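Working notes for the structure below.
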Amino acid sequence: MKIAVMSCIHGNYEALNAVLSDIDAQNADKIYCLGDLVGYGPHPNAVVEMIRSLDIPTCQGCWDEDIVEGLNACECSYPSVLAEKRGRLAHEWTNQVIHPETRSFLANLPFSLREDNLCFVHGSPHNQHEYLMPGMDAFVAMERVMAAGADILFCGHTHIPYVRTLDSGQLHIKVQMAQPNGQSQIVTDRAVTTPLKRIVNAGSVGEPRHGRPNATYVMYDTNCDRITLREVEYNYQKTCADIIEKGLPAIFAWRLARGLEFAERADDPTHICER
Amino acid sequence: MQSFPVTLVAGAPGVGKTTWIYQQASLAQSAAYLNLGAENFPIDATYLSTECPQLTAIAVDELSEFLQRSDQSIPLFIELGFHIDPASLELPIAPETCRKILLVQSPQFSQSTDVESRSESQSQLLTSSTKSSELLHQDQQNDEWTGWTCISPVASPEDFLDNLPTKAYESSRLSIDLTPETTLQIRRSYLQGKVLDGNSLETFWHELTHGAYGELQRAKGIFELVDGRALLLNYRAGYAAVEPLELSLPRWLDGPPDRFSGLEVVGTQLDQPRIVQTLTDCCLEDAAIAYYQAQIRASQAASPEVSQSVSQGATVS
């Protein structure tokens, strides 16, 4: 079975259309979406309507949650004061234009999705706002995959696609307790062998951050266990024109055309989201 | 050797007028500096007076008094902004007593493509100093610059390599087209009392120097950061990026800094309202400034050596 996984569309209808056409051309049997359907881009309602009409299984992203629950960001959400101000602007605009049925759809999205040994989340199994960075500590990364109870954890949120293989490793746990006589006694001594796990980040359909405006997603072939990162060209100029026409900040169009993320990013792989 | 106590320095934006003056002043026991065209926006004067302690910056209205009391042993460098018409200058000093330096971007320099030829060009340029009429192309000769000495602003191997142009200009005309009729715009933004978030400044500077707010020819600015540093950022179109310079000023950790900071950009189709808005969005609120400054002061009090090394490690590029 060929499974297409996409994430972080961010109201970019042109990019979504192009990716769906590419998925069709790849003969995918199933599509999963990892959320962030709205935010920054000019067509949040159209994107949600497309996802809904195609009945694509979708989990809730951090922007989807924020539109429903309101902004309540942890410090990892924005890398700078400028990014935070731009993010708030985008949030307020999206909050104003979004239709009630769109908001209702976003509110009812599940936090995660499962398919056999595969798990699909937006950020991490713990939180939509947490970034699983490609360079994060292997122990923490392994914990996140095992917390999901999966062999492959599909995520988005960072907007940069990657595949990280966590080779089988040995974890030796030893717990010592202090005794009244001042000596210590080993009360637990356990070795755990972890199986091979993978984290697959689908990148971003509508807000890439890889230096080019092209949309990205991943294709996973369960028969041959092959993961393919796909990069799709689309008419980003149309999205840029729509950003300006809708009254969103012109800098969003400038950044989109250069494959620079609008605002959010996390540079600290050791940061644990506290939201 | 004839002594020239007053040197007029002209050149296109970004050609290296201030850097050349810095190099000259560094060789002197003392020097004075006046920037005509900067008005009350002293980016270059702040840079020079902090990095070259023997140099004193003077204002336009101090010039006459300076010339009267000067014993002529203190060299005075007068920098002319590219938008200043030299023919319009009215100075309280006879023009023939001034040395007139026109800094030009040499075609040889722009077209150098490999390290070997660069070294050869460099040695030529270091010694090149000729009358402007001999250096300028036939069609570029201009009476306006008669009597000016053309110099290519290359002074040291480090400077040469660090500032190697990444693209050759179409012609050398840019280097000498200094007429007031130029279509280049100058936009200035005062930031005195403002403290910027470092990551925001990094984002803004990238956008600015990559054309998000208009076609940029030149940008320079002094920015105050929350750790008390004042950074000088420089950009010249066609040149490799220059690392930010922390000015040799005391760290300001007691409220909004009461010293000059600001941004000057030169280019075309500049969107000044968006530049100002973005700069405003980069600034920290007073409460945030007070909070972070208190933390830094406490950290310095607890471990001055550690806090200093941490602060020095932070850069904006």
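Since every read-out is calculated from the coordinates, none of them should be taken as a lab result. Remember, it's a predicted structure, so these values are computed and weren't measured experimentally. Every residue, glycine among them, receives a Cβ derived from its backbone with ideal geometry; neighbour counts consider all protein chains shown.
Computed values, structure above
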| read-out | value |
| --- | --- |
| Label-point gap, in nm, between B:S88 and A:E69 - each point 7 angstrom along Cα→Cβ | 6.1 |
| Simple Cβ-charge dipole of segment A:27-70, Lys/Arg +1 and Asp/Glu -1, about Cα centre, in debye nearest 20 | 180 |
| Inter-chain shielding of B:283-289 (mean C-beta neighbours from other protein chains, 10 Å cut-off) | 1 |
| Given charges at Cβ of Lys, Arg, Asp, Glu: segment B:185-300 dipole, positive-most of B:Q293, B:L216, B:V195 | B:L216 |
| Estimated [θ] at 222 nm from DSSP helical runs (n ≥ 4, -39500 (n - 2.57)) normalised by residues in chain A, nearest 500 | -9500 deg cm²/dmol |
| Whichever lysines have a C-alpha closer than 22 Å to that of A:K85, once near sequence neighbours (fewer than 8 apart) are set aside | A:K246, B:K194 |
| Descending Cα extents along the principal axes, chain A, whole Å | 76, 45, 34 |
| Mean-position separation - Cα centroids, segment A:75-142 and segment A:146-183, in angstrom | 22 |
| Segment A:1-57-segment B:240-282 distance, computed between alpha-carbon centres (Å) | 41 |
| Choice from A:P195, A:P125, A:P208 showing the highest fluctuation, given a GNM over chain A with Cα pairs closer than 10 Å | A:P195 |
| Packing-based exposure ordering (other Cβ within 10 Å, fewest first) of A:I160, B:I275 | A:I160, B:I275 |
| Choice from A:V97, A:V140, A:V187 showing the highest fluctuation, given a GNM over chain A with Cα pairs closer than 10 Å | A:V187 |
| Per-pair calculated FRET efficiency, R0 = 45 Å: B:Q23 and A:L229 via Cβ, rounded to 0.05 | 0.30 |
| Sequence of A:K238, A:K2 once ranked by neighbouring C-beta atoms within 10 Å, starting from the fewest | A:K238, A:K2 |
| For chain A, built as a Gaussian network whose Cα springs stay under 10 Å, the top-fluctuating residue of A:N17, A:N201, A:N181 | A:N181 |
| Candidate lysines for bridging to B:K17, where Cα separation is under 25 Å - those fewer than 8 sequence places away on the same chain excluded | B:K100, B:K131, B:K167, B:K220 |
| Estimated FRET transfer efficiency (B:R69, A:R88; beta-carbon r; R0 51 Å; 0.05) | 0.35 |
| Anchor A:K174: lysines whose Cα lies under 29 Å away (excluding residues fewer than 8 positions away in-chain) | A:K197 |
| Exposure proxy order (Cβ contacts within 10 Å, fewest to most) of A:R114, A:R190 | A:R190, A:R114 |
